[in-house]
1. For the structure I just gave you, tell me whether ASN87 is under 19 Å from CYS232 (Cα atoms) and of a type in the set (S, T, N, Q).
2. In the range 158-197, which residues are at pLDDT below 95, among the aliphatic types (A, V, I, L, M) and surrounded by fewer than 18 Cβ atoms within 10 Å (Cβ to Cβ)?
3. Report whether or not GLU226 is among the acidic types (Asp, Glu) and either touching a Ser or Thr at 6+ places or on another chain (Cβ under 8 Å) or within 19 Å of ALA14 (Cβ to Cβ) (or both).
4. Identify all residues within the range 23-68 that are without any contact (Cβ under 8 Å) to a residue 12 or more places away in the chain and in a helix (DSSP H, G or I); write none if there are none.
5. Does ASP2 qualify as being surrounded by fewer than 16 Cβ atoms within 10 Å (Cβ to Cβ) and modelled with pLDDT of 95 or more?
6. Hey, among VAL143, VAL136, VAL124, which residue is buried (at least 16 other Cβ atoms within 10 Å of the Cβ), within 22 Å of THR177 (Cβ to Cβ) and without any contact (Cβ under 8 Å) to a residue 60 or more places away in the chain?
7. So which of ALA14, ALA24, ALA68, ALA73 is modelled with pLDDT of 95 or more, closer than 23 Å to MET113 by Cα and touching a Pro at 6+ places or on another chain (Cβ under 7 Å)?
8. Only one of GLY220, GLY252 is assigned to a loop (DSSP other than H, G, I, E, B), surrounded by 13 or more Cβ atoms within 10 Å (Cβ to Cβ) and modelled with pLDDT of 95 or more. Can you tell me which?
Amino acid sequence: MDLGLLGRRALVCASSRGLGLACASALAREGCEVILNGRDAGRLKAAADEIERLHGRRPTLAVADLNAASGRAALLEIAAGPDILVNNNAGPPPGKLGDWDHATWLGALEANMLAPIELITAVVGGMRERRFGRIVNITSAVVKSPRLGLSLSTTARTALTAFCKGLQREVVADNVTINNLLPQHIDTGRQQEMAQRMMRDRGISVEEARAQQARMVRAGRLGRPEELADACAFLCSAQASFISGQNLQVDGGSYDGLI
């Protein structure tokens, strides 16, 4: 299927590895001019090399820290006027209620709520004027299934979801859509870190920790980053113009709720 994305300018945040890199690669495959973002220049170059090797398109590199206002300003200067914005950022680590002081809460809100809102605010006006825009936020399954140990991530990402639900009602008439991808149990570095945590906490091998992770998924396996990335590419497509304000779970059928 031709997704109608040839020549579209796509900014993918936190895209030097993991889900961000997978989404950037999928959009490059569909013909987008991709802007990669990350804090590590070496890792970002390696990601660009991989995308160029796979798809014959050299991404633009934007070394910038999403968690700092100066970094977001630098990113927006490099990626001026994108047609597509994929918001992505590392989530805060799990913990206990007593572990989280005021500064910790502010850090989570800055990274996973305020940073994407600021980027959306900066680019959505131009999208509306050009009458094409696709905003996809990579959030988390905990938005629909909150867990106390992941409250930092849950709270920040749920607030972002609420903001975007209201905004999309205003902008969708200008062919600007806003949707959210809710990953769970995707085989990225985050899952590997969680496996290491399980190994330490439960006194098991890393192989058993990984097997336990797979058993938690209804599909019986961990997801591949490329599976989420293909969903992202479709939500960015011309064909997806009538899909907005939605939360698409990419979790191997693990969510137990009806809605």
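1. Working: under 19 Å from CYS232 (Cα atoms): yes; of a type in the set (S, T, N, Q): yes.
When the stated conditions are applied, ASN87 passes them.
2. Passing the criteria: only MET194.
3. Here the answer is yes, as GLU226 does meet what is asked.
4. First pass over the range 23-68, keeping only residues without any contact (Cβ under 8 Å) to a residue 12 or more places away in the chain: 42, 49, 52-53, 56, 58, 68.
Within the range 23-68, GLY42, ASP49, GLU52, ARG53 meet the criteria.
5. yes
6. So the residue among VAL143, VAL136, VAL124 that is buried (at least 16 other Cβ atoms within 10 Å of the Cβ), within 22 Å of THR177 (Cβ to Cβ) and without any contact (Cβ under 8 Å) to a residue 60 or more places away in the chain is VAL124.
7. Only one candidate qualifies: ALA24.
8. Working: GLY220 fails: surrounded by 13 or more Cβ atoms within 10 Å (Cβ to Cβ).
When all the criteria are applied, what remains is GLY252.
The values are calculated or read from the model by the stated rules, or taken from the named source; none is laboratory data. Worth saying up front: this structure is predicted, and the values here are computed from it rather than measured. Methodologically, a virtual Cβ is constructed for each residue, glycine included, from the backbone with ideal geometry; neighbour enumeration extends over all protein chains shown. Note: areas computed on protein heavy atoms with side chains; ligands, DNA, RNA excluded. Shrake-Rupley method; radii C 1.70, N 1.55, O 1.52, S 1.80 Å.
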